[in-house]
1. Using modelled backbone amide H atoms (1.01 Å from N, in-plane), which distant-in-sequence or interchain residues come within less than 5 Å of Gln276's amide H?
2. Largest first and to the nearest Å, give the Cα extent of segment 160-275 along each principal axis.
3. Taking the mean number of other Cβ atoms within 10 Å as a proxy for protection, how do you rank 297-305, 156-164 from highest to lowest?
4. Over the Cα atoms of segment 255-323, what radius of gyration and what Dmax do you get, in Å?
5. If I take the Cα coordinates of the chain and project them onto the principal axes, what are the three extents in Å, biggest first?
6. If you count only protein heavy atoms and use a 1.4 Å probe, how large is the accessible surface of Phe167, to the nearest 10 Å²?
7. Each residue of segment 55-70 in turn: what ³J(HN,Hα) in whole Hz from Karplus with 6.51, -1.76, 1.60 and θ = phi - 60°, glycine and Pro shown as x?
8. If you find the alpha carbon centre of segment 358-406 and of segment 422-445, how far apart are they in angstrom?
Amino acid sequence: MTRLTVPRKSLLLGMLTVMLVAQAPLPGHTEESNTRSNQALIPELQLIKEEETVSIASRYEQPISQAPSNVYVITDEDIRHSGATDIPTVLRRVPGLDIMQVTGADFNVSARGDNQLFSNKMLVMVDGRSIYIDGQGLVFWKSLPITLPEIKRIEVLKGPASAVYGFNAFDGVINIITKSAQELKGTTLQFGGGEYGTISSAGVHAGTVGQLDYRLSVGRDQNQQWRNRDALAFRSHKFNAQTQYNFSNEGTLRIAGGFIDTNRFDGPVSNLQIPQSQFNQGFSDIHYQYHNFSIRGWWQGNDIPVDAATHPLLAQFVGQTNARGGNDLSFRTHTYNIESQHSLALSSTNTLTYGVNYRYNSVDGGAVSQLGREDRLGIHVQDEWKLHSTLTAIAGIRYDLHSRITGTWSPRVALIYALTPDHTFRVSGSVAYRPPTIFEANLDVRILPATLPLFPPLPLVGSQQLSPEQIISYEVGYQGWWWNHRLRTRLDVFYNHLSDLINFQTVGATRTLINGGDADIYGAEGGVEILASSWLSGFANISYQKVKQTFTGVFRRGAPDFKANVGVRGEWETGLSAEGSINYVAGATYPLIDFFQALTPVLPTQTSPTVDSYTFLNLRGAYKFWQQKTEAGYVRDAEVAISSFNTLNDTHKEHSLGDTIGSRVMGWITVRY
């Protein structure tokens with residue numbers, strides 16, 4: 001839900017108009033009638049929404065209606081009013097996104113019917129820096145290297161975007177954009193606590209010294225397991241520091257770094273195991289920006305200790321070890337990246353953007369056969385050409401080289417037609433790739449029977465012969481503003497063709513990874529956002545998707561056909577606020593590995609690949625009891641809140657091998673001074 005604000009110039013002009021009219025009544029009109037007229041005008045001025053500016057689609061800022069891809073924005077106010085303790089819970093409101101919570105720590109996020117355990121096809125970034133772990137193809141959603149109060153907005157792009165981002169921008173891209181030191185000036189403290197031992201806490205301090213901006217943050221989060229209230233599912237500690245020097249020539253140099261120590265992570269869950277993991281990540285980032293030119297370099301290191309733990313349903317029959325017979329399935333990954341981009345205005349109607357990046361990845365650990373390394377080099381170019389005052393064409397292409405696969409070409413084309421300034425149509429087509437990870441190439445573990453002779457030991461190995469996965473996508477979209485910019489409607493229709501997906505298959509006496517099959521996924525998404533009055537706003541959206549496929553076994557795509565979201569928010573001048581949202585997800589079928597079928601007669605609990613539909617009702621009420629403007633220009637405030645997750649306690653599973661999700665109530669306090 002986007003906060004609706006008043007354009008500053010429009011407000012000043014409106015106030016001036018009101019003042020002049022009030023002081024100079026027209027003949028035949030009384031002062032009382034003019035006052036009533038002016039009072040009626042003021043609310044109209046307060047009910048104007050400026051269109052969002054986004055950068056995710058083209059890697060430079062543009063109005064959301066001019067973006068060549070489908071983009072949705074979640075603001076900091078949306079996050080605050082949601083009462084969520086994690087980003088995937090907030091993302092449920094985005095039409096077309098598929099969110100699957102498996103345990104109290106493990107989430108899988110993808111788009112348009114392509115979700116799965118170990119989901120690996122959504123590129124996720126923080127301030128444009130990828131936090132997608134290339135070596136494994138994972139995102140640890142509960143262990144993001146930021147705290148909730150630092151987030152300014154989340155931009156969500158649905159559909160392929162390899163034309164500008166390269167590999168892994170397959171199903172879409174999510175960019176979490178943080179607030180500047182100026183926007184966070186002062187100290188912000190937030191603490192939330194509630195059922196299931198849930199704690200969400202953060203402290204942020206930001207300020208300016210001369211031309212230097214700085215921001216420091218710390219956070220601690222934890223919660224118990226859904227399946228066992230007495231067992232810890234997740235606990236993490238994080239620290240981040242960011243500085244930005246503002247040069248007199250309008251250039252900026254930003255240096256950032258931090259780490260997150262997750263000493264308990266229940267997952268990630270696969271078709272065979274629920275490992276007891278840890279997750280430790282460090283990063284450093286340096287970024288220079290001057291007008292339309294930027295150059296950036298960053299490093300990210302991940303240490304992921306994992307002890308082999310077979311899924312409880314299979315534990316008495318099946319075990320898992322590394323190739324040496326031990327329980328250590330740990331990983332250590334390193335990524336080094338350098339990139340540069342420049343946008344050039346060839347004319348008043350033509351903008352050319354081009355860029356290059358190099359990346360080095362390495363993976364080592366107990367679950368791989370050897371130290372794996374890879375090099376990637378990508379070059380992209382995009383041209384945005386305004387053919388007519390109502391018609392814009394955008395065309396781009398990227399070439400990616402990879403040390404283990406043949407180079408790939410990723411094109412994207414889009415036409416944007418503005419019927420009127422408030423009504424735009426978009427037609428687009430794009431191609432994207434996800435290369436096999438080092439993990440998929442070098443995996444080397446063993447599946448063992450708990451008691452012989454149930455089955456002979458089964459090697460589980462990677463493959464050096466894998467090809468990249470491919471998606472070809474076509475989309476038609478519409479965005480329209482109504483009711484004096486108080487009501488927005490959106491509609492998108494898409495068709496995706498997926499091929500060469502990577503998954504496990506038994507070949508002889510070995511279980512290995514192969515490419516295979518294809519799928520056609522098509523569907524539609526529609527939504528509306530409304531500002532009903534100065535204190536009441538809301539949103540509603542629906543999405544439908546259908547999968548036709550030749551995939552078999554665990555290759556098969558399983559996804560709900562239908563999802564719907566509704567939300568209402570009230571904010572009053574007294575400091576009170578409230579929000580309620582409903583998320584409905586239809587039932588779905590996710591394939592299980594052969595072990596579950598083979599062991600059906602003796603399993604302690606029968607497991608169906610189908611999960612039922614479910615409905616979330618999430619509520620939050622808050623009272624902002626203190627507000628004071630400082631001499632530095634920012635506002636001190638304090639707020640208390642209570643939130644309820646899954647208020648109706650619609651207990652459900654979002655995957656057959658996942659926990660049963662219940663309800664949770666939390667209390668919050670946030671202070672900025």
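The values are calculated or read from the model by the stated rules, or taken from the named source; none is laboratory data. Since the structure is predicted, the reported quantities are computational estimates derived from the model, not experimental observations. Neighbour counts run over all protein chains shown; Cβ positions are idealised from the backbone, glycine included. All accessible areas refer to the heavy atoms of the entire protein, side chains included, with ligands and DNA or RNA removed. Shrake-Rupley method; radii C 1.70, N 1.55, O 1.52, S 1.80 Å.
1. Asp307, Ala309
2. Extents along the principal axes: 57, 40, 18 Å.
3. Numbers: 297-305: 19.3, 156-164: 27.9.
Result, highest mean Cβ count within 10 Å first: 156-164, 297-305.
4. 18.8, 62
5. Cα extents, longest axis first: 102, 56, 50 Å.
6. Approximately 20 Å² of Phe167 is accessible to the 1.4 Å probe.
7. Computed from phi, the couplings for segment 55-70 are 10, 6, 6, 10, 6, 8, 6, 7, x, 4, 6, 9, 6, x, 9, 6 Hz.
8. 10 Å
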